[in-house]
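S.K.: Just passing along the structure, written as structure tokens.
The values are calculated or read from the model by the stated rules, or taken from the named source; none is laboratory data. In this text, all values refer to a predicted model and were calculated from it rather than measured experimentally. Cβ placement follows ideal geometry from the backbone for every residue including glycine, while neighbour counts extend to all protein chains displayed. We work out accessible area using only protein heavy atoms, side chains counted, and drop any ligands, DNA or RNA first. Shrake-Rupley method; radii C 1.70, N 1.55, O 1.52, S 1.80 Å.
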Amino acid sequence: MGGETTGQLSRRAVLGGGMVLGAAGIIRSQARAAAQTVPPASFPAARVGATFDLFPFPPGTTYPQAVDIWNRTTGTKMRCWKVYYQLGEFPASIDARIQTMINRGIQALISFKPAIKHSSAERDKLAKAVRMFHRAGLTAEVCLWQEVGPKDMTAAQYHSYVQYYGPAIRAYYPLVFDAPGYQGPKEWASYDPGHALVDGYAVDFYCGDYVNKKYTLEPLAALAGRLPVGIWEIGNTASSKFMPTAAEITAYLGYITSFLSHRAASGLPVGSVAWYNGPAGPKQNGQNEIAGTHPNTEAPTDIAGYRKLYKAVNKVP
């Protein structure tokens, strides 16, 4: 995976490094034993949409207009939308982006990043933000520090982080562990906070993770058990050095569709899925873009696979 920045959306750098599982296990056991003061919010139905912003569209495009372009281009209806807030960023009002989601009935997939060092002030701001969204009528799933890994904090720190900030979210919305696809199953397991602290599981999982690294979603499903499993970012690539072929894209999207369909058919819950509609990096404009001014060369293949996934997960004709 790359470490590029694209407008308001960031792709994470690839960093390796093993973790000390003993300490992580101790924290996880303590977390499971801790009494939860707030019951988890109910989990919304699975939906398919996009990690989405205005930068792929012509200047002056509004959020409602961008959604309309997405809907026309993909032949679907935007049903979920991934939103990033930066470190220490907590909205104090409903902006045009969130209002569009509320007006259109689009479910938000939100990532918040409070301070790594526990801060009661930031926990209060987080609680106020999610309460505001809930009162405004926004349907959402929320994660703490999407794609967390060794470059951010240790696994033990993350378990403590979720234990401290999580209840502020779970009072209003389900809390999801959103793992980094590029780090692989060992890191997913290491950073997993455990079922006592989260209500669902997700991963940011690109074609390169599936094609080049041979990663699959089964290890995440094993961590989730009977909790929902979603994919909060899908797309061709998050690397400046790799772009899949049409055949690889078709196999990748077919695998995701089959995995989620079989999971649902087995009576296990499925979470939401979002296509990353943006460039993979400054030198790869449009490698994931399928709706906007610079669609990538494989956009027709992307859209065909996306539509099959959309119909399967949303159960629409």
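S.K.: Contact order normalised by length for region 159-317, with contacts defined as Cα pairs under 8 Å and 6 or more residues apart; what percent is it? All intermediate terms of the calculation are to be shown ahead of the outcome.
M.R.: Working: 243 pairs, mean separation 29.4, N = 159.
Relative contact order for region 159-317 comes out at 18 percent.
S.K.: If you keep only loop residues by DSSP, which GluC sites (Glu not before Pro) in region 62-153 have at most 14 other Cβ atoms within 10 Å of their Cβ?
M.R.: Values: sites: Glu89, Glu122, Glu141, Glu147; in loops: Glu89, Glu147.
Within region 62-153, the qualifying GluC sites (Glu not before Pro) (loop, at most 14 other Cβ atoms within 10 Å) are Glu89.
S.K.: Measure off, as a whole percent, the carbon and sulfur share of the 1.4 Å-probe accessible area of region 135-189, all protein chains present. Display every interim value, and only then the final one.
M.R.: Values: 660 of 1340 Å².
The value for region 135-189 is 49 percent carbon and sulfur by accessible area.
S.K.: About the Cα centre of region 173-309, how large is the charge dipole given +1 on each Lys and Arg Cβ and -1 on each Asp and Glu Cβ? Please answer in debye to the nearest 20.
M.R.: Values: 9 positive and 12 negative charges, 45 e Å.
Roughly 220 debye, rounded to the nearest 20.
S.K.: Once amide H atoms are built 1.01 Å from N in the peptide plane, which residues 5 or more positions from Phe177, or in another chain, come under 5 Å H to H?
M.R.: Under 5 Å from the amide H of Phe177: Asp199, Gly200, Tyr201, Ala202.
S.K.: Determine the per residue accessible area of region 208-317 with all protein chains present and a 1.4 angstrom probe, expressed in square angstrom.
M.R.: That works out to 41 Å² per residue.
S.K.: Pulled fully out, how much extra length does the chain show between Ala264 and Ala96, if you take 0.36 nm times their separation in residues and subtract their Cα-Cα distance?
M.R.: Values: separation 168, 0.36 × 168 = 60.48 nm, distance 3.41 nm.
Taking 0.36 nm per residue and subtracting the Cα distance, the gain is 57.1 nm.
S.K.: Just the accessible area per residue of region 38-127, please: how many Å² with a 1.4 Å probe? Please report the intermediate quantities before stating the final value.
M.R.: Details: 3870 Å² over 90 residues.
Accessible surface, normalised per residue, equals 43 Å².
S.K.: Still on this structure, I have one more. Carbon-plus-sulfur fraction of the accessible area of region 242-291, 1.4 Å probe, in percent? Numbers along the way, then the final one.
M.R.: On the way: 1050 of 1700 Å².
That share works out to 62 percent.
S.K.: Per-residue HN-Hα couplings for region 181-192, Karplus 6.51 cos²θ - 1.76 cosθ + 1.60 at θ = phi - 60°, whole Hz, x for Gly and Pro?
M.R.: Result, rounded to whole Hz: x, 5, 6, x, x, 4, 6, 4, 5, 5, 8, 4.
S.K.: Ignoring ligands and nucleic acids, what accessible area does His195 show with a 1.4 Å probe (Å², nearest 10)?
M.R.: Looks like 90 Å² after rounding.
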